[in-house]
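Worksheet for the structure shown next.
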Amino acid sequence: RWFRNSAVYRALYPYLASLEDDYELTLVNLARPGVPVETGLFKTVVYFHPLKYPSILSHEQRQIIEEQDWGIVYYPDIGMDVETVYLANLRLAPIQIMGYGHPASTHGAEIDYFIAGQETELPEYADRYFSERLVMLPGMGMIPVWPERSFKRDKPVAGQKDVIINCPWTLLKINADIVDLLREVVDECSQSLRIRFFAGHDISEMGAQPVYMQELQDLLGIESVELHGLMSYQEFLHRMSGGDLTIVAYPFGGFNTIIDSLYAGVPVVAREGTHGFNRFSTALLKRAGFPELVATGRAGFKEMILRLVEEPQYRIDLSRRIAAGGIRERVTAGLDPAAFKRAIDYLVANHNALQEDGLRQPIMVD
């Protein structure tokens with residue numbers, strides 16, 4: 001997942017870059033052939049080819065597991081691909097750390113630390129939600145990487161009366177409750193709606209698009225459903241910019257969803273929970289200056305969506321605030337990539353003592 005438009009790369013690159021001068025970095029490349037992996041930070045690149053059978057490793061794969069002499073292994077994500085899950089159940093280095101690329105605990109025994117954010121995790125839930133010991137950085141445990149290139153904004157369709165709702169949710173984030181919430185919005189609002197899903201998978205190649213489309217139309221009770229599969233990032237932003245509002249998925253939300261929607265000039269609403277994965281988006285919205293678009297419960301979430309649907313002037317006012325600029329500066333204010341390096345330095349210096357003390361309370365990094 002270490003390529004330029006990947007959500008994992010965009011959220012964690014500044015942290016890894018902070019290590020470049022003082023640590024010798026090796027990239028263990030798990031990507032499939034053809035993925036444009038970014039290797040600029042790394043002195044060495046080691047290829048670990050896709051697993052066919054976890055119990056039968058190739059000679060090259062076994063070398064990676066048995067013959068390296070790493071002091072630290074850091075996983076930007078564990079769980080996005082089966083290889084990360086397999087490797088995370090092994091002891092590849094004395095110190096093993098994971099990041100927010102897939103923001104959920106392994107609930108395992110081999111990862112020592114989870115690098116999190118003071119604005120996105122609740123320390124009182126550390127024991128309940130994590131098998132790893134939390135290391136909490138100032139901010140969100142990620143630093144937004146703003147899109148680098150401009151894109152062509154989608155022009156309104158002449159005579160278009162539908163209010164277009166962007167739902168940039170991968171298929172795995174679509175769940176019964178949030179579809180029910182959308183159905184309630186459809187039933188309770190007076191506007192004609194077009195709901196635009198961005199599935200993030202090649203659903204056409206899978207032959208699944210007609211099935212998903214029919215199911216969503218039936219569940220939502222409307223035919224005005226769009227379901228988009230894989231597309232370029234520029235095309236994604238182009239289509240997003242044609243929406244009137246964006247809804248962040250719940251309970252498993254998004255981080256770059258907020259950045260993408262604001263960059264596209266579209267108001268976005270999110271519901272806050274008790275996990276990092278449903279607090280990233282709301283932390284970003286608060287930093288961006290839109291706390292009124294943060295809901296703290298299901299009823300409030302629906303109320304916010306309905307207001308955005310029903311009140312065009314409210315949407316216009318929000319869009320003007322977005323267009324006024326300054327969001328990037330507000331979102332990144334006080335976020336210091338060097339905090340990640342300070343955390344790594346601390347863990348290297350104190351790992352043995354931390355293992356011996358057996359304590360579980362989060363480690364706070366300033």
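The values are calculated or read from the model by the stated rules, or taken from the named source; none is laboratory data. Everything numeric here is computed off the predicted structure, so don't read it as measured data. Cβ coordinates were reconstructed from backbone atoms using ideal geometry, including for glycine residues, and neighbour counts include every protein chain displayed. These area figures cover heavy atoms from the full protein model, side chains too; ligands, DNA and RNA do not enter into them. Shrake-Rupley method; radii C 1.70, N 1.55, O 1.52, S 1.80 Å.
How would segment 112-188 be classified by its alpha-carbon gyration tensor: rounded, prolate or oblate, with rounded meaning a/c under 1.5 and the a/b versus b/c comparison settling the rest? Oblate shape, in that a/c is at least 1.5 and b/c is the bigger or equal ratio. When the Cα atoms of the chain are aligned to their principal axes, the ranges along those axes come out at 64, 44, 37 Å in descending order. Would you mind checking which residues have amide H under 5 Å from LEU134's amide H? H placed 1.01 Å from N; only 5 or more apart, or other chain. Hits under the 5 Å cutoff: PHE114, ILE363. Among PHE340, PHE301, PHE277, the largest mean-square fluctuation in a Gaussian network model of the chain, built with springs joining Cα atoms closer than 10 Å, belongs to PHE301.
Placing dummy labels 7 Å off each Cα toward the beta-carbon, the span from THR170 to ARG307 is 3.2 nm. Seen through its C-alpha gyration tensor, with square-root eigenvalues sorted a ≥ b ≥ c, segment 87-244 comes out prolate because a/c lies at 1.5 or above while a/b is bigger than b/c. Among the helices of the chain, those built from whole DSSP H runs whose Cα atoms reach 24 Å or more along their own axis and whose mean Kyte-Doolittle hydropathy is at least -0.5 are 338-357.
For segment 251-362, the alpha-carbon radius of gyration amounts to 1.39 times the rule-of-thumb value 2.2 N^0.38 Å expected for a compact globular protein.
Summarising the label geometry, the points placed 7 Å from Cα in the beta-carbon direction at ARG153 and GLU67 lie 5.6 nm from one another. Here the label points at HIS59 and ARG320, each 7 Å from Cα along the C-beta direction, are separated by 7.0 nm in the simple model. The distance from the alpha carbon centre of segment 272-309 to that of segment 180-242 is 21 Å, rounded to a whole number.
Hey, how many Å between the Cα centroid of segment 331-366 and the Cα centroid of segment 5-55? That distance is 22 Å. Shape summary: segment 1-125 maps onto an equivalent ellipsoid whose semi-axes, from the alpha-carbon gyration tensor, are 22, 18, 15 Å in decreasing order. Of the whole protein surface, PHE198 contributes about 10 Å² of accessible area at a 1.4 Å probe radius. What the Cβ-Cβ distance of GLU329 and GLU24 gives, at R0 = 25 Å and to the nearest 0.05, is a FRET efficiency of 0.15.
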